[in-house]
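Undergrad: Encoded as structure tokens, here's the structure I'll be asking about.
The values are calculated or read from the model by the stated rules, or taken from the named source; none is laboratory data. All values derive from a computational prediction rather than experimental measurement. For neighbour counting, all protein chains shown are included, and Cβ atoms are generated from backbone atoms with ideal geometry for every residue, glycine included. Side chains included, ligands, DNA and RNA excluded: accessible areas come from the protein's heavy atoms. Shrake-Rupley method; radii C 1.70, N 1.55, O 1.52, S 1.80 Å.
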Amino acid sequence: MTSFAAEVSSSGSFERQEDAFRDWVSAAPGARFAPEAGRYHLYVSLACPWACRTLIVRHLKGLEAVVSASVVDPVRDERGWAFREGPGFGPDPVNGFHFLSEAYAATDPNFRGRVTVPVLWDRRERRIVNNSEDDICPMFNSAFGALAAGGVDLFPADLADEQAQLSALVYERINNGVYRAGFATRQAAYERAAHQVFAALDQLESRLASRRYLFGSRIVETDWRLFCTLVRFDAVYYSHFKCNVRRILDYPNLQGYLLDLYQQPGIAATVNLDHIKRHYYATHREINPTGIVPIGPWLDFNRPHGRERVGASA
């Protein structure tokens, strides 16, 4: 049975569990979790789109020297995410944990849900602060502002309402939409989710015809939330999650946009197709019983994208 089995409804629809730990790092006087260099550690998987978004924001804000990070083994078994030695991942350098579940147990011995990444860990209190990328990214953007070397604002105030609305659509229909299609256990639930994925992709393809990025000339967090699904789509979601109406390669604007974002400084280091493919194809045995990892597709994310010619009007 899948580790996601408890999150599938009687109608066959995948209903993702809520994140369990939602404390905030805050620069407010007297805050329990204050922004301090060297205090926090980020546990991630390079396979996971949710975790990689936090890595991207950490990089763009110039927080690598402030918040350390380490990578788990992309192949997950019934024991959950593990710390092992391998290409692009390694042992836990902070606590010496063998499994990420140990961090969850240290924080809440009664936790019985699915262990997920990302995890923001507090070295001082030896507990998880937060395991929601939807919290960690804004925290990196604002709470760590005085410590950040990067000046980019990924949540600009003048776009707040529109950005929140578009981020919600991207999450529901695309980020989580591919999972709702992939983990559906009944035909109707799968078809409903898959159709919603492509309706949303069609909508964003049209939006990007006149905008270089989702909000014109500025790259905001919503762009990176979309990027993390797009960069995995043709290699994994198209086949493994049966989202096979079209590839991202078949969308001229989305494909160029994907390449444009991938080629931004430092982003390629957050994308590891080996980890991505081995995680999905070797871990989800209820979808891929043999565990065989396909050798393709061959994807060139470094070819010219031409997006600099697209109008920047929002």
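Undergrad: Out of everything in segment 271-291 that is assigned to a loop (DSSP other than H, G, I, E, B) and either charged (D, E, K, R) or in contact with a helix residue (DSSP H, G or I) (Cβ under 7 Å, 6 or more places away or on another chain) (or both), what residue ends up being most open to solvent (accessible area, probe 1.4 Å)?
TA: Arg285
Undergrad: Still on this model: In this structure, does Gly145 turn out to be open to solvent by 60 Å² or more (accessible area, probe 1.4 Å), at pLDDT below 95 and more than 27 Å from Leu254 (Cβ to Cβ)?
TA: The answer is no for Gly145.
Undergrad: Report whether or not Glu125 is modelled with pLDDT of 95 or more, buried (at least 16 other Cβ atoms within 10 Å of the Cβ) and under 29 Å from Arg76 (Cβ atoms).
TA: No, not satisfied.
Undergrad: Next up: Kindly indicate whether any position in segment 82-100 is farther than 27 Å from Val231 by Cα and among the polar types (S, T, N, Q).
TA: yes
Undergrad: Taking segment 152-171 only, how many residues are in contact (Cβ under 8 Å) with a residue 12 or more places away in the chain and of a type outside the set (S, T, N, Q)?
TA: 11
Undergrad: Answer yes if at least one residue in segment 117-133 is assigned to a helix (DSSP H, G or I) and under 26 Å from Asp223 (Cα atoms), and no otherwise.
TA: Checked segment 117-133: at least one residue is assigned to a helix (DSSP H, G or I) and under 26 Å from Asp223 (Cα atoms).
Undergrad: Of the residues that make up segment 65-74, is at least one outside any strand (DSSP E or B), closer than 16 Å to Cys48 by Cα and touching a residue at least 40 places away in the same chain (Cβ under 8 Å)?
TA: The answer is yes, given that some residue of segment 65-74 is outside any strand (DSSP E or B), closer than 16 Å to Cys48 by Cα and touching a residue at least 40 places away in the same chain (Cβ under 8 Å).
Undergrad: Ok, one more. Identify all residues within segment 241-254 that are assigned to a helix (DSSP H, G or I) and crowded, with 20+ Cβ neighbours inside 10 Å; write none if there are none.
TA: The answer is Ile248, Leu254.
Undergrad: Next question, about the same structure. Anything in segment 255-270 that is open to solvent by less than 20 Å² (accessible area, probe 1.4 Å), in a helix (DSSP H, G or I) and not charged (D, E, K, R)? List them, or say none.
TA: Those that are open to solvent by less than 20 Å² (accessible area, probe 1.4 Å), in a helix (DSSP H, G or I) and not charged (D, E, K, R): Gln255, Gly256, Tyr257, Leu258, Leu259, Leu261, Thr270.
Undergrad: Pick from Gly86, Gly62, Gly90: which is modelled with pLDDT of 95 or more, under 20 Å from Ala148 (Cα atoms) and open to solvent by less than 50 Å² (accessible area, probe 1.4 Å)?
TA: Gly62
Undergrad: Using beta carbons and a limit of 6 Å, which pairs, at least six apart or on different chains, have the first residue in segment 261-280 and over 11 Å from Phe301 (Cα atoms) and the second one among the basic types (Lys, Arg)?
TA: Between residues of segment 261-280 that are over 11 Å from Phe301 (Cα atoms) and residues that are among the basic types (Lys, Arg), the close pairs are Ile276/Arg232.
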